[in-house]
């Protein structure tokens with residue numbers, strides 16, 4: 001599932017995919033002549049979770065019919081809070097991912113770095129709190145849904161970040 005919104009200087013790329021995330025390609029897409037900063041956050045599958053070591057892989061599942069809609073809310077809120085943003089990418093994988101693979105990428109371009117960093121931080125925080133995606137952990141002794149789960153929230157209610 002994907003959506004690309006906007007034209008000219010305002011473009012937004014929203015995706016839910018089973019494919020490996022090409023961080024370099026996403027970074028290059030985010031570059032714009034009017035923007036002096038690109039911030040890219042990539043969440044990586046690691047070998048541990050809260051109070052659990054030996055994680056071997058993760059499986060992500062999503063309520064696919066709602067993901068793009070929720071990502072659009074986040075992107076809209078980002079543009080309200082930081083009006084000069086260039087491009088925004090909010091991309092998450094589903095399926096089984098191995099150690100070292102990227103599960104999520106948030107990329108933001110902006111004329112200046114403070115806005116790019118703040119918007120990227122907001123983007124990942126809002127995504128984790130408001131998008132219906134769940135994580136199942138696999139380790140040597142078995143499998144279980146993440147112990148770090150939480151109720152789905154409205155992205156517009158994610159804490160206000162200081163703006164420039």
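For the reader, a short list of remarks on this structure follows.
- Computed on the Cα atoms alone, the convex hull of segment 33-87 gives a volume of 147 cubic angstrom per residue.
- Annotation: peptides 87-97, 37-47, ranked by per-residue average of other Cβ atoms within 10 Å with the highest first, follow the order 87-97, 37-47.
- Neighbour counts of other Cβ atoms within 10 Å put 135, 18 in the fewest-to-most order 18, 135.
- Rounded if a/c under 1.5, otherwise prolate or oblate - segment 57-106, Cα gyration tensor axes: oblate
- A simple spin-label model places the labels of residue 66 and residue 17 2.5 nm from each other, with each point 7 Å out along Cα-to-Cβ.
- Segment 1-106: C-alpha pair distances exceeding 15 Å, %: 65
Coordinate-derived values only; no laboratory data. Predicted model, so just to flag it, every value in this text is computed and none were measured. Positions of Cβ are generated from backbone atoms using ideal geometry, with glycine treated the same way; all protein chains shown enter the neighbour counts.
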